[in-house]
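These notes are about the structure you will find just below.
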Amino acid sequence: MMSLVWGSSSPPPPPPEAAVSTMAKKCGGSRGLLSSSSRGVVSNSSGAVASSTTGFPSFLPKEVEKIKDPYARTLAQRMERLPVQIGSSESFIMSSCVKPQKQSEINPVVLLHCFDSSCLEWRCAYPLLEEAGLEAWAVDVLGWGFSDLERRPPCSAASKRHHLYQFWKSYIRRPMILVGPSLGASVAIDFAVHHPIAVEKLVLINASVYAEGTGDLAKLPKFLAYAGVSLLKSIPLRLYANLLAFNGISLSTTFDWTNVGRLHCLLPWWKDATVSFMSSGGYNVISQIKQVKQKALVICSEQDHIISYKQILVSFELLLNFCG
């Protein structure tokens, strides 16, 4: 069964996914739901490594200290890396995430993020989910975020799916409500189709599911691919994306949120991981939509200047017809 929600006019769905819809209203819409997201070190009780002076994990770029957004700073300080087995028994990726402070009796909410982003997108919504009593995990998708990718693992859609499954198998181990915004919706759909036992329900926010992979970009010569990827972390491009995504914020806030959004790009393996994803062909989930068996809440915004709600409707028409 699939529900479609535009803005705040539709009645709220049953909990716990109702909390996600409510977060969108409190944070000023579905985009606001996401973003408005040689030092001494010490280890905390969960195994995360934090700076003894700033409280930020030592694996984050030092530029995190310049970020002013209090929600981003708070969530960044809670970030940690957990070992996720990939391949052989001795092959692990230290994977970045924000863990819940306590386990809930109901199934957990697992938050993915948009294309080329990180779990810091959820800086505004995450504390509200915890206030609502939900067990919430914010997970960095393989190839993006702040995981340790020094060994340069492949970052194709299949690799991302396998990594998320191994993360779920190691730490969550219960059916989850999987939340995916923008390209994260493609990640969620692909995962739910391949691992239905791990997913109870889906929440898809301004879903970018209509693109058929990365297209001709997958065929670019390496030097052109790397040149193109370099543009993705440029301040002008990131600044423009923020101006499209948010209304009524000051220029200083726009610059600050731009720095939050590109923080993961400062890691040494970011460019290699992004080219790996692009060259692999990316996500093409149009044919998978009709295979989704879980209940899904689709949240659309008529005022989204990045993802067209009309294209979202066309993309999910197959599933709406399939579900009756």
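At a Förster distance of 35 Å, what's the computed FRET efficiency of L224 paired with M94, Cβ-Cβ distance as r, to 0.05? Write down the numbers at each step before the final one.
Numbers: r = 31 Å, r/R0 = 0.89.
E(calc), rounded to 0.05, equals 0.65.
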Worksheet item: Can you list the lysines whose alpha carbon is less than 27 Å from that of K201, not counting same-chain residues fewer than 8 positions off?
Response: K25, K26, K99, K102, K160, K169, K290, K293, K295, K310
Worksheet item: Check G281: other-chain or 5+ apart residues with amide H under 5 Å from its amide H, H built from backbone geometry?
Response: T214
Worksheet item: If each of L266 and T253 carries a label point 7 Å out from its Cα toward its Cβ, how far apart are those two points in nm?
Response: 2.3
Practice prompt. Report the extension gain between L243 and Q85 in nm, rounded to one decimal, defined as 0.36 nm multiplied by the number of residues separating them, less their alpha carbon distance.
Written response: 53.0 nm
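Give the peptides 245-257, 195-207, 161-173 in descending order of average Cβ contacts within 10 Å, highest first. List each step's numbers first, then the result.
On the way: 245-257: 14.8, 195-207: 22.0, 161-173: 18.5.
Packing order, densest peptide first, comes out as 195-207, 161-173, 245-257.
Computed from the coordinates by the stated procedures, all read-outs in this text should not be read as laboratory data. For clarity, every value in this text was computed on a predicted model and none was experimentally measured. Counting neighbours? That spans all protein chains shown, and the Cβs are built from the backbone with ideal geometry, glycine included.
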